[in-house]
Every structure is written in structure tokens, then in C-alpha cells.
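What follows is a single structure, written as C-alpha cells, with notes after it.
The values are calculated or read from the model by the stated rules, or taken from the named source; none is laboratory data. This is a predicted model, so every value here is computed, not measured. When we count neighbours, we look across all protein chains shown, and the Cβ atoms used for this are built from the backbone with ideal geometry, even at glycine.
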Amino acid sequence: MLIMLAIGLSAVLLRLEYVRVSDVPLESDMADYFELARNVANGQGYISPDGHRAYLPPGYPLFMALFFKLLIPTAQAVRYFQAVIGAASCLLAFHLARLLGQRLTRNSSNRLERNLMGLAAPSAAGLAMAFYDTHIIYAGILMTETLFTFLLLLWIVALVKAWGHPQVRWTAVAGFLLGIMILIRPTSIFYSPLLLLASLSLGRHWRHRLHALAMAVGLMAVVILPWTLRNTVAFKRVVLVSTNGGVSFYLGHNPHFDYSSGEKRAIRTATDLDEIAENRMFYSVAWEYIRAHPGEDLRNSFTKLHHVYTMKIKPFPWDYSREFPTRDWRYPTLGWGLWLLISGGIGGVLCSLRDRRFVALIGGVIGLHTLHCMILFGRTRFRVPMEPLFLISCALGVGLLAVYVLRATHRMPSTADAEERP
């Protein structure tokens, strides 16, 4: 299809060009991910430069290590590969929007309505993501955003196909993908209620539904358990994925709460604990603050919504560099703003009124993602995986508005009118 070719080519060319002209230094998490991947690829084990063995989740470093072993062991080569993954995400956004648009018009016999929702709106969503600034920029950054966004969109596609499908294969695929996502970002466990809903929607018999749920949970466990067992052997205690949960919880619950949030480095310097003890200590400090200041902590939880969705600070590492992304970039792009937050929200409401499963899928993912940001901590880069979903909601919402306007002006017959015609 020509539109898919246009989306794919524009997306990959923009991302390859950005990777070519940019030179993002390996700092902070980027440097840690790279060193972990290089150590694994060289047979030195999953050990970071500071000696931690499970502080960062393993999914993204293991992805890079596999790339180093099979292809080219350089950071720039990974960036070019991420450009291709980012382009694939744009095609997935088109495909997901098309699936949802077809669901919204499945009872319509009007060809124009089906074309608007099944082709025009999805094309707009895919092209918008192709030209979306943060998704272009993160192709050139060694962080989890590009890979995770691709897997999240793929996972939602699997859920859409699984919902109401008589066979269990799509829930099994969704469970497998969720396991990989948890290894990349352990907070993906917050999405698991949607997998439960999809599994329990299959067929009319509980035995079939429980079989689908068992397949989904089983494949998710198959992905996660090997790493959990590795951690259990290494630390002589159960560590599901990583040991940075305490730090993440502390950053959202401390007396110095703001966007940068907390005195993590000062506490580390003063205590000098191993990563297991440090993880417990940060949880303890956070809980002490919550018990001492419940009202203030509750207000801070809602402030995190501002940090994620309405703060004007650019996502890390864009936020601290004047020359970032690059002075050589001269191509038009779209970017986050209240326009997308509002139009995506309105579009989601319109789509949900037409099909309640839309709010369970797209609204559910956004809502559960927002919940984990409120429970842990919020940054503007945490909205990056949600941006394609807002683009899809916006595009489908505009498509539905066009349908309603055309009907109101009698330029498009309603489904009932179309059925009455001979």
C-alpha cells in the first residue's frame, strides 16, 4: 500500500538523517546501558561500572549486547538500528489505528465512513508519528524509549486481535511481549490487568478463558523467570527484575520533592550500602515520609501529572543541552503540547462512546501508565511511549467528527438510511 510506503520511508529517512547529524554523548543511564551491554557481549557478565549486578533492568542492555554479538559492536550502529525500529513503530501506529478504526465502523455499510476511519485517520496517525520530534530524537539516544514504544504498540495490536477472538494465540503473544516489556521497564507490570481482561473475553466458557489466561501468564513467566533465578542465585534472595525500585519510589516520595526530586546521591554517599540494602533503605525512607506527611505526599502525586503531561521541560537528555538535538536539523516536525493532550482526550471520549473497548485498551494503557507515574515519579520523557496513543486517539476522533459533520449536512447517509436504499 502506497500510504504505508510513504509512512515507512519518511519515518526511516528522518530518523537516519537525525542519527547521522547528531552526536549525543553517552552520559547517565546511556553510559550505564552501553557498558552493561559491552560487558555482556564480551563475556564479563551483567556488571555495571559501579559494581551493581541488577540495578538497571536487563532488557535494553541485553538487546544491545545481542546486537553487538551478531552485528556491529558500536553505539552508532545501535542508533541506526533504532532508526529502523522507530520507523517500524510508525507503521505499527498506522496498523493499530486501522484496526481500531475498523472496529469503530464494523456495523457501518457506508463506504466513505469506513474509508475515513479505516484509512484516512490511520494514515494521519502514522504520518504524524513519522514527523514527531521526540520519536525522531530518541532513535539517536541509547535509552529504552524507542525499543519500548515499538513493543508497547505491538503488544496493544496483539490485545486488539485477542479481544473476543476465539483462539488463544493472540493472548499468548501478548503475554510473551509483556514479559519482554517488564524486563525492559518493570513498571510494565501495571499493564497486566488489560491482559487479564483480554484473556477473560475469549469465548463463552470459563474453561476456555482460563486456558487463555494460563497461556498468557505462562509465557510471560517463561520470559521473566530465568532472570529472576539468575538474581536469586547472585543475591541469595528473590529479586524479580532489578534493584532500582527503591530509588524510583523514593524519587516520588521525599521531603525535597520537585521535578529533579530528592537527594539520592547525598544519601548514597552517606550510607555506602550494597545494592540490596540500598534498595530496602530507599523504600524505608520513602515510607517514613509518606506516613509523616500523607497530605503533602498526596498533593505531590497529582503534581507528577504536571511533570509528565503539561510541564514545558523537554524530555531528558533534550532538557539540559542548548545544542541538542542538533543545529544541523532543518526538517519540519510535530511536538507535544496541550493541543495533543486535549484533542487526544476528546478523541478518546468520542471513540469510547462508539466502542467501549476503545477506552479499555487505549484509555486503559494511558490510565495505568499514568497511575504508575503517580505512584513512583514523573518526568516528561515518561510520556514518550504514550504519545502515539494520543496521536491515534486524536486522528480517530477527528475522523469521527468528520463522519458526524457529513451526516449532519446530509453529505453522508447514516447506516440506517443506507440499509433502507434498494
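General remarks:
- Test result for residue 113, in contact with a Ser or Thr (Cβ under 7 Å, 6 or more places away or on another chain), acidic (Asp, Glu) and surrounded by 22 or more Cβ atoms within 10 Å (Cβ to Cβ): yes
- Number of the exception - residue 26 against (1) part of a helix (DSSP H, G or I); (2) of a type in the set (A, V, I, L, M, F, W, C); (3) modelled with pLDDT under 90: (1)
- Unmet requirement for residue 269, which otherwise passes all of (1) more than 26 Å from the chain's Cα centre (by Cα); (2) in a loop (DSSP other than H, G, I, E, B); (3) loosely packed, with under 12 Cβ neighbours inside 10 Å; (4) not small (Gly, Ala, Ser): (2)
- Condition met for residue 297 (in a helix (DSSP H, G or I), among the acidic types (Asp, Glu) and surrounded by 18 or more Cβ atoms within 10 Å (Cβ to Cβ)): yes
- Considering only residues in the range 78-108 that are assigned to a helix (DSSP H, G or I) and without any contact (Cβ under 8 Å) to a residue 24 or more places away in the chain, the one that is nearest to residue 356 (Cα to Cα) turns out to be 102.
- Scope the range 272-293; condition more than 30 Å from the chain's Cα centre (by Cα) and closer than 19 Å to residue 49 by Cβ; matching residues: 272, 273, 274
- Cβ-Cβ contacts under 6 Å between residues 6 or more apart (or on different chains), taken from a first residue in the range 267-294 that is among the aromatic types (Phe, Trp, Tyr) to a second residue that is assigned to a helix (DSSP H, G or I), are listed as 282/246; 282/247; 282/250; 283/246; 283/249.
- Test: residue in the range 161-170 that is in contact with a helix residue (DSSP H, G or I) (Cβ under 9 Å, 6 or more places away or on another chain), aromatic (Phe, Trp, Tyr) and modelled with pLDDT of 95 or more: no
- Pairs where the first residue, in the range 56-70, is touching a residue at least 60 places away in the same chain (Cβ under 8 Å) and under 10 Å from residue 46 (Cα atoms) and the second is of a type in the set (A, V, I, L, M) and in a helix (DSSP H, G or I), C-beta under 6 Å, 6+ apart: 58/183
- All conditions in (1) crowded, with 24+ Cβ neighbours inside 10 Å; (2) closer than 16 Å to residue 397 by Cβ hold for residue 105, with the sole exception of (1).
- Lone unmet requirement of (1) surrounded by fewer than 17 Cβ atoms within 10 Å (Cβ to Cβ); (2) closer than 19 Å to residue 133 by Cβ; (3) at pLDDT 95 or above for residue 21: (3)
- In summary, residue 67 fulfils each of the numbered conditions (1) part of a loop (DSSP other than H, G, I, E, B); (2) more than 20 Å from residue 351 (Cβ to Cβ) with the single exception of condition (1).
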